[in-house]
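The values are calculated or read from the model by the stated rules, or taken from the named source; none is laboratory data. All figures in this text were calculated on a predicted structure; none of them were measured in a lab. Positions of Cβ are generated from backbone atoms using ideal geometry, with glycine treated the same way; all protein chains shown enter the neighbour counts. Areas reflect the complete protein model, heavy atoms only, side chains present, ligands, DNA and RNA absent. Shrake-Rupley method; radii C 1.70, N 1.55, O 1.52, S 1.80 Å.
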Amino acid sequence: MFNTEKRNNPEVRVFEDRQLMGKNAASAVSAKITELLRTQDEVNIIFAAAPSQNEVLEALCLSKHTDWTRINAFHMDEYIGLKEEAPQAFGNFLKTRLFSKLPFKSVNYLNGTAENIEKECDRYSRLLNEFPADIVCMGIGENGHIAFNDPPVANFRDKLAVKVVELDAVCRQQQVNDGCFDALEKVPIRALTLTIPALMKAHFIYCVVPGTSKARAVYNTLHQNVNEKYPSSILRNHPGSILFLDELSASLL
């Protein structure tokens with residue numbers, strides 16, 4: 001780590017490269033899990049699925065002192081309309097990189113192939129109410145989205161916990177830029193997402209954001225007004241949030 005900036009919210013930690021960023025973020029998450037399990041039976045964690053999270057997910061899988069048998073896992077968004085086995089589906093992404101590698105007490109998937117999507121939103125909302133999130137492990141999109149709350153649909157006062165959204169053009173292009181899809185027309189237009197209030201209910205948020213393409217979004221998160229034009233700016237209102245960056249994503253700070 002070459003720099004730590006202590007702000008009111010979020011705390012900002014900047015590392016030399018993505019590997020150090022991921023390892024340190026995973027270490028912070030693991031330490032918090034251990035701390036929480038001293039006073040509660042289980043810990044509920046919501047995970048983001050994106051290439052930007054690869055390093056932290058890999059490091060979490062190597063954690064030797066975390067009792068994953070007492071962790072209930074959730075994920076925060078999912079495309080609507082992909083085939084069940086599609087590798088781009090976020091549930092499959094997390095299953096491959098995390099959920100199948102650790103002995104979680106439970107893994108709770110959003111189902112983007114459900115026949116009735118509104119009922120699926122209700123089902124997952126009930127789960128989140130039954131198992132309130134302790135920790136969110138998340139990223140920030142190139143357009144500032146958190147989960148799939150793009151600027152056009154972001155709502156800091158959303159009454160829903162899970163909803164259907166249409167993805168904006170910047171968000172969909174990012175999926176191509178990240179190598180998840182080979183053409184824009186193959187990226188689904190609709191998705192399920194946890195809303196911003198649902199994410200902000202967690203007591204602790206570990207936000208991992210590497211790469212040059214995220215530098216402007218990081219700047220906006222920390223320096224623009226807190227409003228829905230910059231969805232990730234809401235992190236400035238969360239007292240338990242930590243932002244993990246590499247030199248590239250921090251380059252405009």
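Annotations
- In region 1-150, the DSSP beta bridges split such that about 25 percent are antiparallel, to the nearest 5.
- Tail fraction, Cα-Cα pairs, the chain, threshold 31 Å, whole percent: 16 percent
- Global dimensions of region 14-87 from alpha-carbon coordinates: Rg and Dmax equal 14.3, 41 Å.
- Label-point separation, residue 106 to residue 155 (7 Å along Cα→Cβ), nm: 2.7 nm
- Extension gain for residue 184 to residue 8 (0.36 nm times residue separation, less C-alpha to C-alpha distance): 59.5 nm.
- Selection of GluC sites (Glu not before Pro), region 18-122, meeting DSSP coil and at most 10 other Cβ within 10 Å: 84, 85, 115
- The chain: DSSP helices with Cα axial extent of at least 24 Å and average Kyte-Doolittle hydropathy no lower than -0.5: 18-37
- Computed accessible area, residue 204, all protein chains, 1.4 angstrom probe, square angstrom: 50 Å²
- Neighbour count of at most 11 Cβ within 10 Å plus DSSP loop: longest trypsin sites (Lys or Arg not before Pro)-free window in the chain: 160-253
- DSSP beta bridges in region 105-253 [antiparallel fraction, %, rounded to 5]: 40 percent
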